[in-house]
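*Asks:* Handing you this structure, nothing more for now.
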Amino acid sequence: MSLLGRTDDDSGDVFVNFNQNITSLSVASKSGYSLFSLSSVDSSLDKIYHCPSDEVFIIERLFESSLVAIVSLKAPRKLKVCHFKRQSEICNYSYSNTILAVKLNRERLVVCLEESLYIHNIQDMKVVHNIRDTPSNPTGLCALSSSSEHCYLAYPGSVHSGEVQIFDAINLHAKTMILAHDSPLAAIAFSPSGTELATASEKGTVIRVFSSLDGTKLFELRRGLKRCVSIVSLSFSTCMDYLVSSSNTETVHIFKLDRSLAENETKPSNDDWMGFQFFRYLSKTVSSYLPTQVANVFSQGRAFTSVALPEAGVRRICAIATIQKTLRLLVASQDGYLYVYSIPSIEGGECQLIKKHDLRNSDNFSVDVKDSPKDGGSGDAKPATLPSGPSYADTLKGDKTTEDTKEKTS
């Protein structure tokens, strides 16, 4: 699963991005880009590769392969696809406008411009489809499922409301449309299986989870009541049991997605049918005497736990992954730090800070900052000629080779 955290061009901060299955972290800055392994992040942050180059503001790695997609500030309309271990450029494409986001999985590579989306076949990088005249999308908000089976693309369908368009990127047709929120979208993310989509609006108080297959609402989660915030990222855990959100505030929220409870509520056993029917009747009766907004609040899920970070106003992306058989919350920030937290087994428990890594130090493979109590034109893409050497398809198979498997222990 890929999470993008694009920085402002003049901020002087870094661009941070997890790969699709949260096994590595990409960090880009004015001095180039680096790739880090997350396999031993509890104790160290191992640098896989560093490339001194033009200032990079978008970088996407394909799972654990050697394939990376890069966009630099020097050429913001040009996408480069590179093999970082061979230190070679495989191909490049130029577009009519600035590239705002790049997403990829093992089947497709998607380039997002402000008013169009290009879908490439990742095996040969040919453009297989172009979604033109999309609603203005200046932030490049979009999501591509990491699943090859449910290879869906999601993007805003309106500038006035929280409408989500879901597109089948394999069969190249519209899948479904979801009116997720009244306000315009701020964040969207697919589950690892591609069957669920999490959404948040610019208001930022409610997060919803829908089935990407038919648009059914599965969960409604309340982030807060007192203030509207700008949600920066949403991410499902790799086990799909949790959903984590970060915003422009100092608080990161973790929600537990109890699917068994949802199934039991929709499909009660015969023995519990009468009790279930009575409870439903009672809930509806009580809700009918309450204002709609109040009734909705009572029906929304609350955060399982939360983390308070040192300060607000810093853009952060989050992920939950199983590392060495243990769940970890990873928080990568625009100011150049990676925080590693434990996740409690009980609701309301405290997330303990395990490590804080400095991502800006290029002289060391891993910098462990000691824990502090306070750290709480035509529009057509123009391809370049492919270079001689190993085929593009051969490069894609790199994520299954022994060479790439060894990176975690190197």
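Rule-based calculations on the coordinates, nothing more; no lab input. Just so it is clear, the structure is predicted and the values come from calculations on it, not from any experiment. Every residue, glycine as well, gets a Cβ built from its backbone with ideal geometry; the counts of neighbours run over all protein chains shown.
*Asks:* For each pair in LYS47/LYS80; LYS85/LYS126; LYS47/LYS325; LYS47/LYS175; LYS80/LYS256; LYS74/LYS103, compute the distance between the two Cα atoms and list the pairs where it is over 29 Å.
*Replies:* LYS47/LYS175; LYS80/LYS256
*Asks:* On to the next question. Skipping prolines and chain starts, which residues have an amide H placed within reach, meaning under 5 Å, of the one on ARG223, given they are 5 or more residues away or on another chain?
*Replies:* Amide H to amide H, under 5 Å and 5 or more residues apart or across chains, ARG223 pairs with VAL206, ILE207.
*Asks:* Distance in nm between label sites at CYS239 and GLU202, each 7 Å beyond Cα in the beta-carbon direction?
*Replies:* With each label placed 7 Å out from Cα toward Cβ, I get 3.8 nm.
*Asks:* Turning to a different aspect of this structure: Give me the one-decimal nm value for the distance between modelled label points at ARG302 and LEU73, 7 Å along each residue's Cα-to-Cβ direction.
*Replies:* Output for this residue pair reads 4.4 nm.
*Asks:* Give me the three principal axis extents of region 11-76 from the C-alpha atoms, as integers in angstrom, largest value leading.
*Replies:* 34, 21, 18
*Asks:* So, one more: Quickly rank 345-351, 138-144 as a protection proxy: mean count of other C-beta atoms within 10 Å, highest first.
*Replies:* The packing order, highest mean first, is 138-144, 345-351.
*Asks:* Now for a different question. Could you pull out every residue, at least 5 positions away or on a different chain, whose amide H is within less than 5 Å of the one on THR176? Hs are placed 1.01 Å off N in the peptide plane, and Pro or chain starts have none.
*Replies:* ILE166
*Asks:* Once the Cβ-Cβ distance between VAL128 and SER345 is put in as r, and R0 is 45 Å, what FRET efficiency do you end up with, to the nearest 0.05?
*Replies:* That gives a FRET efficiency of 0.50.
*Asks:* Compute the distance in nm between two label points, each set 7 Å from the Cα along the Cα-to-Cβ direction, one at ASP258 and one at ASP42.
*Replies:* 2.8
*Asks:* Fully extended, how many nm does the chain gain between LEU172 and HIS50 (0.36 nm per residue separation, minus their Cα-Cα distance)?
*Replies:* Between LEU172 and HIS50, full extension yields 40.3 nm more.
*Asks:* Distance from the Cα centre of region 150-166 to that of region 63-87, in angstrom?
*Replies:* Spelled out, the Cα-based centre of one part sits 26 Å from the other.
*Asks:* A further question on this structure: Among CYS228, CYS151, CYS51, CYS112, rank each residue by its count of other Cβ atoms within 10 Å, from fewest to most, as a rough exposure measure.
*Replies:* Least to most surrounded, the residues fall as CYS228, CYS51, CYS151, CYS112.
*Asks:* SER230 to LYS325: FRET efficiency via 1/(1 + (r/R0)^6), r the Cβ-Cβ distance, R0 51 Å, to the nearest 0.05?
*Replies:* About 0.90, to the nearest 0.05.
*Asks:* While we're looking at this one, here's another question. Per residue of region 146-160, in order, report the coupling 6.51 cos²θ - 1.76 cosθ + 1.60 (Karplus, θ = phi - 60°) as ³J(HN,Hα) in whole Hz, putting x for Gly and Pro.
*Replies:* After applying 6.51 cos²θ - 1.76 cosθ + 1.60, I find 7, 7, 7, 6, 10, 8, 10, 10, 10, 7, x, x, 7, 8, 9 Hz.
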